[in-house]
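Q: What follows is a structure written as structure tokens; I'll ask about it next.
The values are calculated or read from the model by the stated rules, or taken from the named source; none is laboratory data. For clarity, every value in this text was computed on a predicted model and none was experimentally measured. Glycine also receives a Cβ, built like all others from the backbone with ideal geometry; neighbour counts cover every protein chain displayed.
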Amino acid sequence: MKKTNSYRNALVLVLACGFGAVAQAEAPAKSATPAATSKKPSLDRSGKARKGKASYYGKQFNGRKMADGTPFDPESNVAASRTLPLGTKAQVTNLENGKSEVVEIRDRGPYVDGRIVDVSPKVADKLDMKEDGVVAVEVKPIELPEGGSTAQISSGR
């Protein structure tokens, strides 16, 4: 009986050490993921034009609250940016066809690498990007908000 208990204790000890090593190996990966996800880009008040990819809001976002607290309206000229301040007016130009539209940044996103703006379906129609879904764009700030008011950005030409 003593031998059986010794084997059982040894087995429990080995299993506990094994599970501890697995949990320890997983811990860094779990703690690194939220830190990477929660890293917020700083707001860009430079007024510089940026190039990247644009996508547009799907139907599931209709009526949902945006970052500025207003409900999303697919028939509005609104957009989401991770870096431009809320309230910024910007010109979005489809680099494939040259079509442009002025939008107001009222939401945060997109959260996909390489994408710099999400636009409403109305804007996507005007930019002729709905068929492709994602297109290369230039986003050029026109007005930046300043404590409740907006500041004009020089054309830089």
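Q: Looking at (1) modelled with pLDDT of 95 or more; (2) exposed (fewer than 15 other Cβ atoms within 10 Å of the Cβ); (3) over 15 Å from LYS126 (Cβ atoms), find the lone condition where PHE72 falls short.
A: Of the numbered conditions (1) modelled with pLDDT of 95 or more; (2) exposed (fewer than 15 other Cβ atoms within 10 Å of the Cβ); (3) over 15 Å from LYS126 (Cβ atoms), the odd one out for PHE72 is (2).
Q: In segment 88-139, how many are part of a loop (DSSP other than H, G, I, E, B), within 17 Å of the chain's Cα centre (by Cα), more than 13 Å from LYS51 (Cβ to Cβ) and touching a residue at least 12 places away in the same chain (Cβ under 8 Å)? It would help to see each step written out before you state the result.
A: Taking segment 88-139 as the starting set, the residues that turn out to be part of a loop (DSSP other than H, G, I, E, B) are 88, 95-99, 108-114, 120, 127-134.
Going one step further and asking which of them are within 17 Å of the chain's Cα centre (by Cα), we end up with 88, 108-114, 120, 133-134.
The next check asks that each one be more than 13 Å from LYS51 (Cβ to Cβ); those that pass are 88, 108-113, 120, 133-134.
Now drop any that are not touching a residue at least 12 places away in the same chain (Cβ under 8 Å), which leaves 88, 108-112, 120, 133-134.
The total comes to 9.
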